[in-house]
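All remarks here apply to the structure that follows.
The values are calculated or read from the model by the stated rules, or taken from the named source; none is laboratory data. Worth saying up front: this structure is predicted, and the values here are computed from it rather than measured. Cβ placement follows ideal geometry from the backbone for every residue including glycine, while neighbour counts extend to all protein chains displayed. Surface areas here come from the heavy atoms of the whole protein model, side chains and all, with no ligands, DNA or RNA. Shrake-Rupley method; radii C 1.70, N 1.55, O 1.52, S 1.80 Å.
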Amino acid sequence: MNTKELEKNSAIWSVAQSSTLYGMDFWGDEYFSINSKGHVQVHPHGKDFSAIDLYEMVSSFQERSIRLPLLLRFPDIIQAQMQKICSCFDKAIQDQDYKGKYYGVFPIKVNQQRHVIEDIVQAGRNLNFGLEAGSKPELLIALSCMDNPQALIICNGFKDKSYIEMALLSQKAGRNIFLVVERQKELDLILEMSQQLKLKPQIGFRLKLNTQSKGFWGKSSGEYSKFGLTSQQLVSSVEKVKQKGFLDCVKMVHFHIGSQVPSIQPIKSAIKECAMLVSELYLMKCPIQYVDVGGGLGINYDGSGATRSSTDYDIQEYANDIVFALQSLCEKKQIPQPHIISESGRFLVAQSSMLVFNVLDKNSIITDEKIKIDKNSSSFLKEMYDVYKNIPKISYNESFNDLVEKKKQIYDTFVYGMLSLKEMAIAEKIYWTSVKKLKELTENKEDYEDIFLTLKKQLTDTYFCNFSIFQSLPDSWALSYIFPILPIHRLKEKPTKQAYLVDLTCDSDGQISKIVDYSSWEIESFMPVHKLKEKEPYLMGIFLTGAYQEILGDLHNLFGDTDAVHIRVKDDNRYIIEHRVEADSISEVLEYVEFHRKQIIGNLHNITEQSIMKGHLTRQEAGLLIEKFEENLSRSTYLK
Ligand SMILES: *Cc1c(COP(=O)(O)O)cnc(C)c1O
């Protein structure tokens, strides 16, 4: 295809085609779509309500000196997800005439940012949404933020005396706190301190279930998981509680089979196993009133419904199945139907954040220069040129084989000293031009699909992206996790290029390595993109990054936190910036590694003074160097 044809082609390209090509149809849910301008838009209240043009909004931010890369948070999406989970459980409870109620709690570890937690507490007020803490610092967050006495505070994680003391005192202060026993030792401490404080604690037992999930975090349950009480420990714990007169305090059981559970099957089995244990505990006179089913409710990251990055069930099915499984067993065993607690974190926040970044530059294997061959050129170059000229004349298979052979010969000939560097450059130029030509000729020809795909892969550009995978997308790096990614504008244009996306770090792992090709549902390491324009920034977005990514991110190459903004969506497609959190400055990240501002500026002064003495720098030059150094210390770690 020549340039004209490409242009013609992009003229008939539609927004709907982009929506399919980039998988928006599959993972966008009711929150994301592409508008008629070819820009990604966000509509937290659903497709028929207020929509924010992401591209226009981010572009307008540049005037307010909010910089790229930029993390955007939409608290309205968290609120919508909270309402969704509550209403789905309420519906399941109503439809099945279940006797217990539903209580949601947000596990703080999934996103600890103060603004996020405050939004959740605020939005959860009339839903009685609580918080879950998995460590002492998280407990401090929960105790300081949660002011709704109706909402639950679930205390998980390994506990020491001071953890338990704080929780019990807060119960005295009127908070609705559950202490979940992970280890027998914790139980001793809880009973001892409750006696001292003269109160009745609310105790939960974490169950070590046999059911395991096949997801990324399957090891959260099963015989050898690090969490929970085995059946023997459960029995001896009940005996201990009974002996000390606290039997009436054992009100809850808890389990968690891992995050992002891809299939509904293990969830159902876990509930059944748990319900059996509840009925046994009931026989032992523990008045279990709550079953906490933990987290694990998954998100459709790749939209497939068939991989570890997605789920084969939806939220309503999840709620129905939990309610049904509990009810059936409770009826069979004739025990009261307990209230249901869930600790879904990923489900609530994953969709609420996205990272927008600009592409800084590209590396193209093929350039636009002309091939120059004349009668003085070496015979090898002439042979190569013939291969190129012959492409339309001979069979595509033959051309392809010729090219493969010639490619190998280029390097051999150079190494044997029979080709100069300049000639090798021309040989490569001919090779890549031929690849491009053959690729265009074999496109959409069924018989030559293999050739086409091989050549297409070879012609992939590299786009240099202004962000760090290690800071902003750690699960992509550590777990090869899939996140949706696409340009947030130009989606009315056909993307005529494809590119690897590499980040700013000096690390070969600093690349988005798993990208879904939505035409074949294959996983690739490159994706369709548009040709970069000279004067217009190319903006891309990585979506569904609200769960876990921020806190797991690290300072590889000392790239720090990006700028972040919280956007509240109003009526009539308007928005306000509720909070703006400035990016880490270079001096802030240097502080983490103990390079203190004053000290390093002092060092630099010593160096410049010596250089002035030796006559290497003028005083003005020394002044300029120090000025630039100080200026950069207060800048963001990313590129301007
Ligand atoms: C991590 C965790 C959660 C949150 O799981 P999600 O899959 O994010 O919902 C809930 N409960 C416990 C005990 C956890 O460790």
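General remarks:
- Residue among 323, 387, 359 that alone is away from the ligand (no atom under 16 Å from the Cβ) and touching a strand residue (DSSP E or B) at 6+ places or on another chain (Cβ under 6 Å): 359
- Remark: pairs (first residue in the range 108-119, in a loop (DSSP other than H, G, I, E, B); second residue crowded, with 23+ Cβ neighbours inside 10 Å; Cβ separation under 6 Å; 6+ apart in sequence or on different chains) = 111/349.
- When residue 201 is tested against the conditions (1) part of a loop (DSSP other than H, G, I, E, B); (2) within 30 Å of residue 306 (Cβ to Cβ), the lone failure is (2).
- If only residues of the range 203-217 that are over 21 Å from residue 158 (Cβ atoms) and open to solvent by less than 50 Å² (accessible area, probe 1.4 Å) are counted, the one that is farthest from the ligand (Cβ to nearest atom) is 211.
- Contact annotation: residue pairs with Cβ atoms under 6 Å, 6 or more positions apart or on different chains, pairing a residue in the range 586-605 that is touching a residue at least 24 places away in the same chain (Cβ under 8 Å) and under 25 Å from residue 622 (Cβ atoms) with a partner that is in a helix (DSSP H, G or I) and of a type in the set (Lys, Arg), are 587/597.
- Answer residue from the range 544-581, given it is in a loop (DSSP other than H, G, I, E, B) and in contact with a strand residue (DSSP E or B) (Cβ under 6 Å, 6 or more places away or on another chain) and is farthest from the ligand (Cβ to nearest atom) among those: 562
- Sole exception among (1) surrounded by fewer than 24 Cβ atoms within 10 Å (Cβ to Cβ); (2) within 13 Å of the ligand (Cβ to nearest atom); (3) in a helix (DSSP H, G or I) for residue 280, by number: (2)
- Search result, residues across the range 94-123 that are surrounded by fewer than 22 Cβ atoms within 10 Å (Cβ to Cβ), over 30 Å from residue 324 (Cβ atoms) and aliphatic (A, V, I, L, M): 117, 121
- The number of residues in the range 120-141 being more than 24 Å from the chain's Cα centre (by Cα) and without any contact (Cβ under 8 Å) to a residue 40 or more places away in the chain comes to 7.
- Odd one out for residue 198 among (1) open to solvent by 40 Å² or more (accessible area, probe 1.4 Å); (2) closer than 16 Å to residue 158 by Cα; (3) of a type outside the set (S, T, N, Q); (4) away from the ligand (no atom under 16 Å from the Cβ): (2)
- Residues in the range 163-195 that are open to solvent by 50 Å² or more (accessible area, probe 1.4 Å) and in a helix (DSSP H, G or I): 165, 166, 169, 172, 184, 185, 188, 192, 195.
- Out of 66, 85, sole residue that is open to solvent by less than 40 Å² (accessible area, probe 1.4 Å) and closer than 29 Å to residue 146 by Cβ: 85
- Residues being more than 17 Å from residue 252 (Cβ to Cβ) and away from the ligand (no atom under 12 Å from the Cβ) - total across the range 220-230: 4
- Filtered residue count, the range 590-629, keeping only those that are open to solvent by 90 Å² or more (accessible area, probe 1.4 Å), outside any helix (DSSP H, G or I) and not basic (Lys, Arg): 3
- Residue among 321, 248 that is under 18 Å from residue 209 (Cβ atoms), acidic (Asp, Glu) and surrounded by fewer than 24 Cβ atoms within 10 Å (Cβ to Cβ): 321
- Flag if residue 329 is assigned to a strand (DSSP E or B) and either on the phi < 0 side of the Ramachandran plot or open to solvent by less than 10 Å² (accessible area, probe 1.4 Å) (or both): no
- Single unsatisfied condition, residue 256 versus (1) away from the ligand (no atom under 16 Å from the Cβ); (2) within 17 Å of residue 179 (Cα to Cα); (3) open to solvent by 20 Å² or more (accessible area, probe 1.4 Å): (1)
- The single residue among 299, 288, 340, 335 that is over 27 Å from the mean Cα position of the chain (by Cα), within 16 Å of the ligand (Cβ to nearest atom) and either under 21 Å from residue 204 (Cβ atoms) or in a loop (DSSP other than H, G, I, E, B) (or both) turns out to be 340.
- Of the listed requirements (1) away from the ligand (no atom under 16 Å from the Cβ); (2) open to solvent by less than 50 Å² (accessible area, probe 1.4 Å), residue 233 misses just one: (2).
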